[in-house]
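Visitor: Let me begin by handing over the structure; questions about it come next.
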Amino acid sequence: MPHVVLLGKASVEDIFKELKPIFVRDEKMILKTSELYLERDKNSILIDSLAIEGSRKVVFLAMISGRDDGVVVRLFPKVEVEKTEGVKMLLAELAKQVTARFPELSVAETNLQNYLK
């Protein structure tokens with residue numbers, strides 16, 4: 001499962017307040033996030049996401065969830081999603097946005113290192 005673990009101190013609620021919509025378009029794909037949902041216990045964020053690659057359209061929920069030592073950016077685990085290049089790129093874009101706004105967080109473990117450059 002594609003994921004990025006970010007270590008450091010930042011609350012999920014603060015991240016929720018700072019997240020901005022993502023829109024990336026090039027000749028090969030469109031990546032977009034729209035609505036954000038903060039879980040009642042304020043420990044997870046669901047992000048309505050879209051990746052279009054050619055004629056393939058993938059609608060999915062990205063998730064940022066809190067841990068004792070930081071947060072994890074990943075796919076919402078209760079829905080099966082095709083893990084296309086666009087899906088992986090969008091998760092990496094979310095992680096980059098979080099680390100740009102919260103420099104106290106740093107990438108600790110990921111299987112998306114090629115997308116974080």
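Computed from the coordinates by the stated procedures, all read-outs in this text should not be read as laboratory data. In this text the structure is predicted, and so the values were computed from the model without any measurement. Positions of Cβ are generated from backbone atoms using ideal geometry, with glycine treated the same way; all protein chains shown enter the neighbour counts.
Residues checked against (1) under 15 Å from the mean Cα position of the chain (by Cα); (2) farther than 15 Å from Ala95 by Cβ; (3) among the basic types (Lys, Arg):
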site: His3; (1), (2), (3): yes, no, no
site: Gly8; (1), (2), (3): no, no, no
site: Arg25; (1), (2), (3): no, yes, yes
site: Lys28; (1), (2), (3): no, yes, yes
site: Leu46; (1), (2), (3): yes, yes, no
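Visitor: Pull up the range 96-117, narrow it to residues that are in contact with an Asp or Glu (Cβ under 9 Å, 6 or more places away or on another chain) and within 19 Å of Ser11 (Cβ to Cβ), then point me to the one that is surrounded by the most Cβ atoms within 10 Å (Cβ to Cβ).
Guide: My answer is Val98.
Visitor: Do we find that Glu93 is closer than 21 Å to Asn111 by Cα and surrounded by 14 or more Cβ atoms within 10 Å (Cβ to Cβ) in this structure?
Guide: So Glu93 fits the description; yes.
Visitor: Something else: Among the strands (runs of 3 or more DSSP E) contained in the range 25-117, which hold 2 or more residues that are under 22 Å from Leu7 (Cα atoms) and in contact (Cβ under 8 Å) with a residue 24 or more places away in the chain?
Guide: 44-53, 56-67, 70-75, 106-110
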